[in-house]
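FYI, it's all coordinate maths here, none of it is from the lab. On a predicted model such as this, the values are computed, not experimentally measured, just so you know. In this analysis, Cβ positions are derived from the backbone assuming ideal geometry, glycine residues included, and neighbour counts consider all displayed protein chains.
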Amino acid sequence: EPEVTQTPSHQVTQMGQEVILRCVPISNHLYFYWYRQILGQKVEFLVSFYNNEISEKSEIFDDQFSVERPDGSNFTLKIRSTKLEDSAMYFCASTRQINQPQHFGDGTRLSIL
Amino acid sequence: TQLLEQSPQFLSIQEGENLTVYCNSSSVFSSLQWYRQEPGEGPVLLVTVVTGGEVKKLKRLTFQFGDARKDSSLHITAAQPGDTGLYLCAAHSGSGNTGKLIFGQGTTLQVKP
């Protein structure tokens, strides 16, 4: 069964450094999402992406965050200058139709030191 | 702001016992999803409930959607250690029509042999 894959599984970065989290959504899916889960807290929506542009972003998704789908298969989340509070699990999800179940990757654990 | 409240947050039971997890909101949703998440993995969809009053069964798991489509429950019969995990309810947010999901805070279930 096709699945969403995320790399790396764990990223450790110094505060202030840039990180890029990568996702390969399921190939015939059209809607893409990033969520994050801070340890002990609920899964939170960050951003949705459709037709090569952001369709919605949350308050968390400030100017330090950006997303890109550079080559039609990868979907990346970039954090320009990481902060300690960016430490979390970041999940990518995709779906073929809006309001249909989303398929999640196994996440990237981001640790900011 | 649409919120999903899950209860209980933690549940530790013996193998063979029954349990129920609740997901409540003051908002009406067109559908609601239940996910299960294991450590180090992303949420995996268990079921989607769509119609008010709907009951769906998945082996020993029974899911119910409230008549008013504001709440849902997950009942597990004769729990087994393999049921251990984090159970999340989620729903599509009514705003923006981008398919973004909002999540409950999750119920951590531990089934002891």
Next item on the list: Using a 10 angstrom cutoff on alpha carbons, build the Gaussian network for chain B and name the most mobile of B:LEU58, B:LEU45, B:LEU74.
Entry: B:LEU58
Checklist line | Within-12-Å neighbourhood charge of A:ARG80 [Cβ basis; K, R +1; D, E -1] | finding: -2
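Explain nothing, just the number: dipole magnitude of the stretch B:5-112 about its Cα centre with +1 on each Lys and Arg Cβ and -1 on each Asp and Glu Cβ, in debye rounded to the nearest 20. Walk me through the numbers on the way to the answer.
Values: 9 positive and 9 negative charges, 43 e Å.
Around 200 debye, computed over the stretch B:5-112.
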Notebook entry, point to check: Where is the GNM fluctuation largest for chain A (alpha-carbon springs, 10 angstrom cutoff): A:LYS78, A:LYS57, A:LYS42?
Noted result: A:LYS42
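How high is the relative contact order of chain A? Use alpha-carbon pairs under 8 Å, at least six apart in sequence, and give a whole percent. Each step should come with its number before you reach the end.
On the way: 275 pairs, mean separation 43.9, N = 113.
Relative contact order for chain A comes out at 39 percent.
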Checklist line | Simple label model, 7 Å out from Cα along Cβ direction - B:LYS59 to B:SER26, nm | finding: 3.9
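Multiplying the sequence separation of A:MET15 and A:GLN64 by 0.36 nm and subtracting their Cα-Cα distance, what value in nm do you get?
Values: separation 49, 0.36 × 49 = 17.64 nm, distance 1.28 nm.
Contour length minus the Cα-Cα distance gives 16.4 nm.
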